[in-house]
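Have a look at the structure below before the remarks.
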Amino acid sequence: MSYTKDNDKLYRYLFQNRAVRGEWVRLNDTFTETLNTHQYPKAVQNLLGEMVVATSLLTAIMKFEGTITVQIQGDGPLKLAVVNSNEQQQLRALARTQAEIADDATLSEMIGNGVLVISIMPNDGERYQGVIALDKPTIRECLEDYFIRSEQLQTHLIIRTGEYEGKAVAGGLLLQIMPDGTGTPEDFEHLMTLAETVKDEELFGLEAKELLFRLYHEEQVEVYPPQDTKFHCGCSRERSGNAILLLPMEEIEEMLAEKNGVIDMQCECCGTQYFFDKTAIMEFKQEADKLSQLGL
Ligand SMILES: [Zn+2]
């Protein structure tokens, strides 16, 4: 297996004479570990790939410290698809289906009537939520439209999923006119046309700098140090325990009796199992009661 440099990396760059910024991302293990043991239909796997790429690019362009959730909700066979990320590019994803989905299903066939919800929860500062109608053939187009409408920023995305050397991979490019208003639509158009010439094998196989040189060798591109991307679930025994406590005590007792005294909780995202017996649950309850008495 050959090792390709720049796997699981995100690069940001700036076109110095054009007032346009860009990003490049390739998700290899980040993407496959996100799929974990889930056997998603092909179309759902591709959509999740597109969503993790989009989320990764958005996380980097929006520059905040905290978490971001990009979620699709619809009334079609794909009930839910959600990706979480943070400023460290730690990503996870999950999909839930409620009916069969063909390998070549389109976005609207999967989702029916649906929306894309972007929630940003900064560590400091106010939460932000944007709701985007999924009324275009791809999430890429829906997101571009969103940036124009909400930020008045011309944005172009290229998002691709596929296989490279026998392994699933997802990658993408982002171009965005600088918010300072000095970039021209002509410059943006020019860079966009060049970006569109990128081939899958280039996006999935080349190092970022080589790819940028192929696309933009006549441009002055300042490339910033890359960021690693990785799959990270963030689930914990504590969170699972607290989720059990959301049930009334009576129901918890019943579950314990049914399950020979041990409740098991499995994380949907990463498959980790957490086990709780009565003693463990009572300890969580004591802790929760203590915190609620303190008004936390
Ligand atoms: Zn987990």
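The values are calculated or read from the model by the stated rules, or taken from the named source; none is laboratory data. All of these numbers come straight from a predicted model, not from anything done at the bench. Note: ideal-geometry Cβ built from the backbone for every residue, glycine included; neighbour counts use all protein chains shown. Just the protein is used for accessible areas: all its heavy atoms, side chains included, with ligands, DNA and RNA removed. Shrake-Rupley method; radii C 1.70, N 1.55, O 1.52, S 1.80 Å.
The single condition among (1) surrounded by 12 or more Cβ atoms within 10 Å (Cβ to Cβ); (2) within 20 Å of the chain's Cα centre (by Cα) that GLU163 does not meet is (1). Looking across the range 51-108, the residues that are within 16 Å of the ligand (Cβ to nearest atom) and among the small types (Gly, Ala, Ser) come down to SER85, ALA93, ALA95. Taking the numbered list (1) farther than 17 Å from PRO41 by Cβ; (2) surrounded by 14 or more Cβ atoms within 10 Å (Cβ to Cβ); (3) among the hydrophobic types (A, V, I, L, M, F, W, C) in turn, LEU107 passes all entries but (1). With respect to (1) open to solvent by 20 Å² or more (accessible area, probe 1.4 Å); (2) free of Cβ contacts under 8 Å to residues at least 24 places away in the same chain, the lone exception for TYR224 is condition (2).
Do we find a residue being open to solvent by less than 40 Å² (accessible area, probe 1.4 Å) and within 23 Å of LYS167 (Cα to Cα) anywhere in the range 234-254? No, every residue in the range 234-254 fails to be open to solvent by less than 40 Å² (accessible area, probe 1.4 Å) and within 23 Å of LYS167 (Cα to Cα). In the range 265-279, the qualifying residues are those that are open to solvent by 60 Å² or more (accessible area, probe 1.4 Å) and touching a residue at least 12 places away in the same chain (Cβ under 8 Å), and the one that is nearest to the ligand (Cβ to nearest atom) is GLU268.
Figure legend. Inter-residue proximity from the range 134-149: first residues in contact (Cβ under 8 Å) with a residue 60 or more places away in the chain, second residues part of a helix (DSSP H, G or I) and of a type outside the set (A, V, I, L, M, F, W, C), beta-carbon distance below 6 Å, spacing 6+ or different chains. Indicated pairs: ILE139/GLU50.
A quick yes/no check of all residues on (1) outside any strand (DSSP E or B); (2) farther than 22 Å from LEU35 by Cα; (3) in contact with a strand residue (DSSP E or B) (Cβ under 7 Å, 6 or more places away or on another chain); (4) open to solvent by less than 20 Å² (accessible area, probe 1.4 Å):
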position	(1), (2), (3), (4)
LEU157	no, yes, yes, yes
ALA170	no, no, yes, yes
GLN176	no, yes, yes, yes
GLY183	yes, yes, yes, yes
GLU186	yes, yes, no, no
MET192	yes, yes, yes, no
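The strands (runs of 3 or more DSSP E) found entirely in the range 9-85 that carry 2 or more residues being open to solvent by 10 Å² or more (accessible area, probe 1.4 Å) are 9-15, 66-74.
For every residue, the table says whether it meets (1) within 30 Å of PHE31 (Cα to Cα); (2) touching a Gly at 6+ places or on another chain (Cβ under 9 Å).
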| site | (1), (2) |
| --- | --- |
| ASP264 | yes, no |
| CYS269 | yes, yes |
| LYS278 | no, yes |
| LEU294 | no, no |
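Going by what's in this entry, would VAL262 be described as surrounded by 11 or more Cβ atoms within 10 Å (Cβ to Cβ), among the aliphatic types (A, V, I, L, M), away from the ligand (no atom under 16 Å from the Cβ) and within 30 Å of MET51 (Cα to Cα)? Spelling it out, it is not the case that VAL262 is surrounded by 11 or more Cβ atoms within 10 Å (Cβ to Cβ), among the aliphatic types (A, V, I, L, M), away from the ligand (no atom under 16 Å from the Cβ) and within 30 Å of MET51 (Cα to Cα).
Taken as a whole, the range 215-236 holds at least one residue that is away from the ligand (no atom under 16 Å from the Cβ) and in a helix (DSSP H, G or I). The number of residues in the range 208-221 being within 25 Å of the chain's Cα centre (by Cα) and open to solvent by less than 30 Å² (accessible area, probe 1.4 Å) comes to 3.
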